[in-house]
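Presented below is the structure to which this report refers.
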Amino acid sequence: MTSRPAKRRTVLAAALATAAAAGTPSALAADGGAAARGPRRPKKDDLIDYQDWTSTRDWNAGEHQGTRVRGRRAGIALGSPVGTTEYRDPHTGRTAEWEYATWTSPLHTPKVPATELIASWNARTPSGTWLRIEVLGSYADGTDTPWYTLGIWTAGDGDDVPRRTSVPDQSDGRSTVWTDTVAVDDSGSGVRLAAYRLRVTLCRAPGSDATPTVWRLGAMASDLPDRFEVPASEPGQAGGIELKVPRYSQNIHEGRYPEYDGGGEAWCSPTSSQMIIEYWGRKPAAEDLAWVNPDYEDPQVCHAARFTFDYEYEGCGNWPFNTAYAATYEGMEGVVTRCATLHDAERLVAAGIPLITSQSFIESELDGAGYGTAGHLMTVIGFTEDGDVIANDPASPDNPAVRRVYRRREFENIWLRTKRYNEKGEVRSGTGGVCYIYFPVDPSPAQRRALREFGVC
């Protein structure tokens, strides 16, 4: 049972496994622009750094070329285009001209030089508009990466926009883009990303007055040590709390809409996303679901799969595409980041914020799962009095079976480790605590406090 097709993560795992065999450290990376808003509370050991740009002050700190800040919910929009650009869609073969404008972040220096970087964004893209998200990394020796494209993104998939896609074959011999992640090729060489800029290009059809609006642009950076085991934690503040999150099984959609990642058996990421979106009281309108076969239950899960689908990755598990999808719902935000400990998850759950976690494991490592996976997403919705994890696991035979209780020690290790062994005894990578967090623009004071302590919001 996998959430992310093995194609991308297996390749990345193999590359990191080579470093692990040599006893070298691995890591992850990303960040944004804290300088514009003042210091945030540092995370444990300063190994993880999430930063974003969201406010008028943040946007004004960057470089505008044809963009402007607008709206009560501050965002950047296309004002006066700086020119036109031609884009050939590799998935349709269509070539078209587009008006464009750009916004570039200030140079950001993470708390820790990084070996990986994952960006995420929240935006509205009306019909006929789309975005390109890029990063320019600066190595510790003062040289730069190329401008790497981290996504061609639009909320829709009509003929008036390019297909939503990651971009393959991007590398400078020192770092490589693996779908949604920039990774240093050999962390043992000492190569690190010491700083970076993000750039977003807003595009629309020539002569149109439509514009994308970007409300949040950020990235997560970290440098975690190679570890097959993480320290055991004691139960924290969320003991006995269980959030009322809807339960959806991906497996009841097996064989449905195989053009999207082969069908429901691979839809753990959009299924998890839909559960949390609906926890916050949002869901697609009836007209949005008109394309779904009326005989299918839970049509909103099919909708989530379609509109998170990455046409290059050929899957629905692109991390930032899922958070961007969540943020298309009114008043919602979403970020990709990483937890340092299970206590981070407990702090969020205690404040009423469930999260989506990414993990990989063999069947014997997670008692009660009944499967092994090279990559899977599930939701953390609570903790028992003893501190065990209550999860809505979409890899279940039906909706009632989605709620699971997993042993604390087993769950925290398969989620937070950076290295693991597969069923053949081969070294593969772990996600090191990668998660999605969705929350409303206007969270409660307790939720805002928990997000700020976590380094988000």
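The values are calculated or read from the model by the stated rules, or taken from the named source; none is laboratory data. What you see is a predicted model; the values in this text were computed from it and never measured. Ideal geometry is used to build each Cβ from the backbone, glycine not excepted, and the neighbour counts take in all protein chains shown.
Determine if segment 237-244 includes at least one residue that is free of Cβ contacts under 8 Å to residues at least 12 places away in the same chain, touching a Pro at 6+ places or on another chain (Cβ under 7 Å) and part of a loop (DSSP other than H, G, I, E, B). Checked against the condition, which is being free of Cβ contacts under 8 Å to residues at least 12 places away in the same chain, touching a Pro at 6+ places or on another chain (Cβ under 7 Å) and part of a loop (DSSP other than H, G, I, E, B), segment 237-244 yields no hits at all.
Just checking, does segment 386-397 include any residue being free of Cβ contacts under 8 Å to residues at least 60 places away in the same chain, farther than 19 Å from Ile276 by Cα and assigned by TED's automatic domain parsing to the domain that holds Asn318?
Yes, some residue in segment 386-397 is free of Cβ contacts under 8 Å to residues at least 60 places away in the same chain, farther than 19 Å from Ile276 by Cα and assigned by TED's automatic domain parsing to the domain that holds Asn318.
Out of curiosity, is Arg428 touching a helix residue (DSSP H, G or I) at 6+ places or on another chain (Cβ under 8 Å), charged (D, E, K, R) and either part of a strand (DSSP E or B) or not assigned by TED's automatic domain parsing to the domain that holds Gly263 (or both)?
Numbers: touching a helix residue (DSSP H, G or I) at 6+ places or on another chain (Cβ under 8 Å): yes; charged (D, E, K, R): yes; either part of a strand (DSSP E or B) or not assigned by TED's automatic domain parsing to the domain that holds Gly263 (or both): yes.
Against the criterion (touching a helix residue (DSSP H, G or I) at 6+ places or on another chain (Cβ under 8 Å), charged (D, E, K, R) and either part of a strand (DSSP E or B) or not assigned by TED's automatic domain parsing to the domain that holds Gly263 (or both)), Arg428 qualifies.
Which residue is surrounded by the most Cβ atoms within 10 Å (Cβ to Cβ), if the candidates are limited to segment 358-374 and must be among the aliphatic types (A, V, I, L, M) and within 12 Å of Tyr421 (Cα to Cα)? Among them, the one singled out is Ala374.
With respect to Val389, determine if the residue is touching a Phe, Trp or Tyr at 6+ places or on another chain (Cβ under 7 Å) and crowded, with 24+ Cβ neighbours inside 10 Å. Yes.
Every condition in (1) at pLDDT below 95; (2) under 26 Å from Thr149 (Cα atoms); (3) of a type outside the set (Phe, Trp, Tyr) holds for Ala205 except the one numbered (1).
Contact map, segment 131-158: first residue over 25 Å from Tyr311 (Cβ atoms), second residue modelled with pLDDT under 95, Cβ cut-off under 6 Å, separation 6 or more or different chains; pairs are Ala140/Pro113. Taking the criterion of being free of Cβ contacts under 8 Å to residues at least 40 places away in the same chain and either more than 19 Å from Thr154 (Cβ to Cβ) or in a helix (DSSP H, G or I) (or both), the residues of segment 284-299 that qualify are Ala286, Glu287, Asp288, Leu289, Ala290, Val292, Asn293, Pro294, Asp295, Pro299. Number of residues in segment 148-185 that are at positive phi and surrounded by fewer than 24 Cβ atoms within 10 Å (Cβ to Cβ): the value is 2.
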